[in-house]
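Right, one structure below, let's go through it.
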Amino acid sequence: MSALRNLAITALRLSGATDIAAALRHHARNHLRPLITHKIM
């Protein structure tokens with residue numbers, strides 16, 4: 001589980017997020033946001 005969390009944090013940093021806690025909350029509100037952020041969808 002910690003490896004997946006570290007992967008998510010690294011992906012957010014690479015996408016330009018400076019406040020990781022706020023970015024995690026932002027992406028947790030909508031299940032499509034992480035896909036859009038990483039250009040999967």
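The values are calculated or read from the model by the stated rules, or taken from the named source; none is laboratory data. Remember, predicted model here, so these are calculated numbers, not experimental data. Using ideal geometry, Cβ is built from the backbone for each residue, glycine included, and neighbour counts are taken over all protein chains shown.
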Pairs with Cβ under 6 Å, 6+ apart, first in the range 14-41 and without any contact (Cβ under 8 Å) to a residue 60 or more places away in the chain, second assigned to a helix (DSSP H, G or I) and among the charged types (D, E, K, R): H27/R33
Search result, residues across the range 1-32 that are modelled with pLDDT of 90 or more and hydroxyl-bearing (S, T, Y): S2, T10, T18
